[in-house]
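S.K.: Would you mind keeping the following structure in view while I ask a few things?
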Amino acid sequence: MKTSSARLSGLGTTIFAEMSARALRTGAINLGQGFPDTDGPAEVVEVAVDALRSGRNQYAPGTGVPQLRHAVAAHQKRFYGLDLDPDSEVAVTTGATEAIAAALLGLVDPGDEVIVLEPYYDSYVAVIQMAGGVRRPVTLRAPDFRLPLDELRAAVSPRTTTILLNSPHNPTGTVLRRDELDAIAAVAIEHDLVVISDEVYEHLTFDGIPHLPIATLPGMAGRTLTISSGGKSFSFTGWKIGWATGPAALVQAMLGAKQFMTYTSGSPLQPAIAHALGADDAYFDDFRARLQAQRDLLCAGLADLGFGVHVPEGTYFATTDITPLGFDDGVEFCRALPERAGVVAIPHQVFYDDVAAGRPLVRWAFCKQPSVIEEALDRLKALHP
Ligand code: PMP
Ligand code: GLN
């Protein structure tokens, strides 16, 4: 009996499932998988409840309910000045995860090379492999995790078709700057590449650092498929309402695969996320400020414990070097941490081809209530017996 396809070979179980299971088994505080421990706005939940009670429970259109497509287009205009046709240049997906998968399956042929930033989000590697593509990582290296522009240029080959970007970047917290985005845009234009840009943390940047969608750069709107989701911006990660925006041809390619994966995405949650996208500026500012305070609490506490801390510019995550505490292997460290200290974290190493670059690095989520972060920091004192 054949029990697995070659397409899944070597992919194993995602680190997020492994580490969340360890947290449940041991009762450890889960600073691993990135999800908030507080719900998003109650009024957004009310819109979902109204939709559930008012019969919006059958299939949505394949591209998503018009209300949400219009809200996504209005959001891209409001925050970034991007003009999108809500009927042909916006499509709703089951989380950003499905948008990423459908985009890669719809755009990448066997043998095509896809440039990815390393450390990479694990689903990128899995889906590039499922599509038969070849990943070409460009490594963001400690301690500053900036994009090495020469390595980016050197990663292009005659077989490259796509650059898969992620900014704000999980797990390093790097927010790509204008000069880095300019360099990526120049490479994409020179080699006629598609850019798939995962911007799920678009509203989670700190210290006044702006998020710049690469689609706003000259010459890029016509070759960029931008992906986001309501999960991070509104603290509803379990709703899995995402979207892709960009030129009609790229949206169509994504939908070409999506129609045979889920066909359509959850109807009653879509009007609620449409409502959320219209939140006033104060919502986004407060949310960012709260997360920034949680970042600062966690980073200061980890530094006090002796970790080498990289303070992130965005996302839910802080990265630490564990070597100052006498450890050298993040995977071993994270597997032992629940028993040793009652906390779960994520090793960077599993997000690299260049395993040595990620080996001493560990990621900690700070999208948790301050009291939970404080309790986790207190437990981590057990690392100093
Ligand atoms: N991309 C990145 C970089 C992420 O961190 C996440 C969070 N899981 C996703 C995509 C997936 O988003 P969603 O939950 O909307 O599928
Ligand atoms: N994006 C989140 C993280 O990186 C959640 C992971 C997931 O759900 N696959 O932790």
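S.K.: Tell me the volume per residue, in Å³, of the convex hull enclosing the alpha carbons of the chain.
M.R.: Numbers: hull volume 56.0 nm³, N = 385.
Per-residue hull volume (Cα only) is 145 Å³.
S.K.: Further question: Excluding Ala289 itself, calculate the net charge of residues whose Cβ lies under 14 Å from the Cβ of Ala289, where each Lys or Arg counts +1 and each Asp or Glu counts -1.
M.R.: Combined, the nearby Lys, Arg, Asp and Glu give -2.
S.K.: Using Cα pairs under 8 angstrom and six or more residues apart, how large is the relative contact order of region 167-291, in percent?
M.R.: 20 percent
S.K.: Report the net charge of residues surrounding Pro171, where surrounding means a beta-carbon distance below 11 angstrom and charges are Lys +1, Arg +1, Asp -1, Glu -1.
M.R.: On the way: positive: Arg363; negative: Glu118, Asp122.
Charge balance in the 11 Å sphere: -1.
S.K.: Charges on Cβ only, +1 for Lys and Arg, -1 for Asp and Glu, centred on the Cα centroid of region 1-61; of Ile29, Ala51, Ser4, which one is farthest towards the dipole's positive end?
M.R.: Ser4
S.K.: Still on this model: With a cut-off of 8 Å between alpha carbons and a minimum separation of six or more residues, what is the relative contact order of the chain in percent?
M.R.: Reported relative contact order: 24 percent.
S.K.: Taking the Cβ of Asp207 as the centre, find all other residues whose Cβ is under 11 Å away and add up their charges (Lys, Arg: +1; Asp, Glu: -1).
M.R.: Details: positive: Arg288, Arg295; negative: Asp296, Glu313.
Its environment carries a net charge of 0.
S.K.: Now a separate question. Taking only Cα atoms and a 10 Å spring cutoff, compute GNM fluctuations for the chain and point out the largest among Pro168, Pro324, Pro86.
M.R.: Ranking Pro168, Pro324, Pro86 by mean-square fluctuation puts Pro324 first.
S.K.: Dipole size in debye (nearest 20) for the chain around its Cα centre, Lys and Arg Cβ +1, Asp and Glu Cβ -1?
M.R.: Once rounded to the nearest 20, the dipole reads 900 debye.
S.K.: Ok, one more. Under 8 Å for C-alpha pairs, at least 6 residues apart: give me the relative contact order for region 221-329, rounded to a whole percent.
M.R.: In percent, rounded to a whole number, it is 15.
S.K.: While we're looking at this one, here's another question. Arrange Ser157, Ser265 by Cβ neighbour counts within 10 Å, fewest through most, would you?
M.R.: So the ranking, lowest neighbour count to highest, is Ser157, Ser265.
S.K.: Can you sort Thr13, Thr320 by how many other beta carbons sit within 10 Å, fewest first?
M.R.: Lowest count first: Thr13, Thr320.
S.K.: Using 7 Å Cα-to-Cβ label points, what is the Leu325/Asp122 separation (nm, one decimal)?
M.R.: Calculated label separation equals 2.1 nm.
S.K.: Pick from Ala365, Ala60, Ala345: which is most flexible by mean-square fluctuation in a GNM of the chain where alpha carbon atoms under 10 Å apart are linked?
M.R.: In this elastic network of the chain, the residue with the biggest mean-square fluctuation among Ala365, Ala60, Ala345 is Ala60.
S.K.: Report the semi-axes of the equivalent ellipsoid for region 74-157 in whole Å, largest first, where each axis is √(5λ) for an eigenvalue λ of the Cα gyration tensor.
M.R.: That gives 26, 19, 13 Å for the three semi-axes.
S.K.: While we're on this one: Which residue, Val134, Thr224, Thr319, has the largest displacement toward the positive end of the dipole of the chain when charges sit on each Cβ (Lys, Arg +1; Asp, Glu -1)?
M.R.: Val134
S.K.: When Lys258, Lys77, Lys240 are ordered from fewest to most other Cβ atoms inside 10 Å of their Cβ, what list results?
M.R.: Lys77, Lys240, Lys258
S.K.: Just to be sure I understand: with springs between alpha-carbon atoms less than 10 Å apart, which residue in Ala102, Ala276, Ala142 has the highest mean-square fluctuation in the Gaussian network model of the chain?
M.R.: It is Ala142.
S.K.: Follow-up question, since we're still on this one. Over all directions, average the projected area of the Cα convex hull of region 52-123 and note it in nm².
M.R.: Computed as one quarter of the Cα hull surface, the answer is 7.4 nm².
S.K.: To continue, here is another question. If you take the charge dipole of region 232-305 about its Cα centre, with +1 on Lys and Arg Cβ and -1 on Asp and Glu Cβ, which of Ala257, Thr237, Pro271 is farthest toward its positive end?
M.R.: Ala257
No value in this document is a laboratory result; all are computed from the given coordinates. All values reported here derive from a predicted model rather than from experimental measurement. Here the Cβ is made from the backbone with ideal geometry for all residues, glycine too, and neighbour counts use every protein chain on show.
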